[in-house]
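Below you'll find the structure, written out as structure tokens, and then a few comments.
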Amino acid sequence: MGDRPIGVFDSGLGGLTVLRALIDLLPDERIVYFGDTGRFPYGPKHREQVLEHALEITDVLLEQQVKALVVACNSAAAAALDTLDAQLEIPVVGVIEPGLRAAMRATRSGRVGVIGTVGTIASGAYQRVAAAAGVAAGGAGIELTCAACPGFVEFVEAGDVDSDQVHVLAERLLAPVRDADVDTLVLGCTHYPLLARTIGDVMGREVVLVSSADETAFAVRSMLTARGMLAEGPPSDARHVFFTSGPVDTFRTLGVRFLGPEVEAVESWPWE
């Protein structure tokens, strides 16, 4: 089991932020990544449709004999994580709980903001995790302010992360969390760390930006360690494998820009 790869998927390129953290923390692990760029964005879609997409991608990754599944997409995690966890024999890790746990440790005032896609925010997933964490902590909860940020994902997928247009959009969309005087902001979409400079400029230096990527990687390592599923050494073939349902050349070009030289073997996966 330890020699098998880890499966990671996202609606597009955003999950590469999680993949970067996994590669850095677990350099001996092989990873198979599926970026569903042909059907992104997931944020505006109904929960049932996102769940269907997640199940289809999971079938592809299971064919690759993955030993664990990382749902590196907040919209997919909100819609499908419980179903996947119940149906699969391999362990499943999402990005919502690790990110919020990190924010709860970072906040000084207890006022935490969450930004995400329309689907993620409307699902109430972060609110439920926060409420459960408060109960587990004996009632010491946090004051959560959530805001949807439609348009952010589309800019990232187009390779535009720092234009004037992005900054103007951020000024408008981040107003609710800025007005709530949060001291910690969860980037509740794996695309958003790629906009961290713009988001940080709008929110101000005093606000801590929390990406779920590193925390998710730590959660994966803890899970694999506890189950005795860690790779025992560098693989004979150290290349990671990438599937995309959109244009391969676009994925490779932006993948190298956002992740690095690890984006080598990119294969097309056309949905029927």
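Things worth noting here:
- Per-residue Cβ neighbour rank within 10 angstrom, fewest leading, HIS46, HIS191: HIS46, HIS191
- With Cα atoms, 0 to 90° folded angle of helix 74-87 axis to the chain main axis: 50
- Counting only alpha carbon atoms, the long axis of helix 96-106 and the longest principal axis of the chain meet at about 50°.
- Most mobile of VAL156, VAL50, VAL208 in a GNM of the chain (Cα contacts under 10 Å): VAL208
- Angle between the chain longest axis and helix 125-136 axis [Cα atoms, degrees, rounded to 10]: 80
- Simple Cβ-charge dipole of the range 96-212, Lys/Arg +1 and Asp/Glu -1, about Cα centre, in debye nearest 20: 500
- With the simple model of a label 7 Å out from the Cα in the direction of the Cβ, ASP85 to ASP249 spans 4.3 nm.
- Packing-based exposure ordering (other Cβ within 10 Å, fewest first) of ILE31, ILE121: ILE31, ILE121
- For the chain, modelled as a GNM whose springs connect Cα atoms under 10 angstrom apart, the maximal fluctuation among GLY141, GLY119, GLY35 occurs at GLY141.
- Considering only alpha-carbon pairs that sit under 8 angstrom and 6 or more positions apart, the relative contact order computed for the chain is 27 percent.
- Size of charge dipole - the chain - debye, nearest 20, with Cβ of Lys, Arg +1 and Asp, Glu -1, no other charges: 680
- The Cβ shell under 15 Å around ARG257 holds other residues with a net charge of -3, Lys and Arg each +1, Asp and Glu each -1.
- Selected from GLN65, LEU230, PHE242, residue furthest toward positive end of dipole (the chain; charges at beta carbon): LEU230
- Counting charges near TRP271 (Lys, Arg +1; Asp, Glu -1) among other residues having Cβ under 12 Å from its Cβ returns a value of -4.
Since every read-out is calculated from the coordinates, none of them should be taken as a lab result. Here the structure is a predicted model, which means the values were calculated and not measured. Virtual Cβ from ideal backbone geometry, glycine too; neighbours counted across all protein chains shown.
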